[in-house]
């Protein structure tokens, strides 16, 4: 995982620095050193500490970064989150890329934290595969920092039989049979159900989890009663913040929300020269 993340960071640096580097900072500064602070201008959850550090160390291994908080910690507007010391040109070369990562990841962690608080422990909050290309590992890590849980990482680690599979296979039963013939019990199996009849059919297939997809709250309650704790239950589809409380009261085990990663507001940080 560390190698994958390092590859993402190197790609971000290459995108920003190109072949010539920071032509502005490198013209103004040579070996001058300086001290900077990372200032929080928001309230929420910190995420991205190691990524931020790695950005600067890839540019200049002599850059020194000292964080006053850890990933998953609550921070508030005005907090000095970290100090960065080293060559001014090196620090300014990495400033935007480093901030981009922690702004984005802390935004995800903060949104997740708000979702988790809204359910008050009645249901676990899950992410989805609606992630930015190349950033999935980091975004799902940010969800965990915010108190959420990861759904499958990709198409390779859990069987998820969706409506597209069901419609093409002919039925839930046929789709599940084909999966079991191919993989046996190697992978956990989840089936998407759009209505009560599909919930009943899925229950008869000896699977691990049923996803209640785009159901209204009343139909969810009926589905939960039908399932009666025989398998895990996930609610998905239009799980926006204002709806979380009522959905969590239906008795579902999980609520998955794509907006945790696909439309998050960046957390506000800035890098400022340290004033003695």
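The values are calculated or read from the model by the stated rules, or taken from the named source; none is laboratory data. The structure displayed is predicted, hence computed values, not measured ones. Glycine gets a Cβ as well: all are built from the backbone with ideal geometry, and neighbour counts include every protein chain shown.
Here are a few things to note about the model shown:
- Of the strands (runs of 3 or more DSSP E) that lie entirely inside segment 12-121, those containing 3 or more residues that are touching a residue at least 40 places away in the same chain (Cβ under 8 Å) span 33-40, 80-87.
- Single match in 81, 159 (criterion: under 24 Å from residue 40 (Cβ atoms) and either assigned by TED's automatic domain parsing to the domain that holds residue 234 or crowded, with 18+ Cβ neighbours inside 10 Å (or both)): 81
- The listed residue being under 22 Å from residue 225 (Cβ atoms), in the same structural domain as residue 256 (by TED's automatic domain parsing) and buried (at least 16 other Cβ atoms within 10 Å of the Cβ), out of 202, 169: 202
- Unique residue being assigned by TED's automatic domain parsing to the domain that holds residue 245 and either over 25 Å from residue 243 (Cα atoms) or surrounded by 13 or more Cβ atoms within 10 Å (Cβ to Cβ) (or both) when the list is 218, 232: 232
- Of the candidates 222, 230, the single residue that is without any contact (Cβ under 8 Å) to a residue 40 or more places away in the chain and part of a loop (DSSP other than H, G, I, E, B) is 230.
- Filter result for residue 175 (in the same structural domain as residue 236 (by TED's automatic domain parsing), crowded, with 16+ Cβ neighbours inside 10 Å and more than 23 Å from residue 245 (Cα to Cα)): yes
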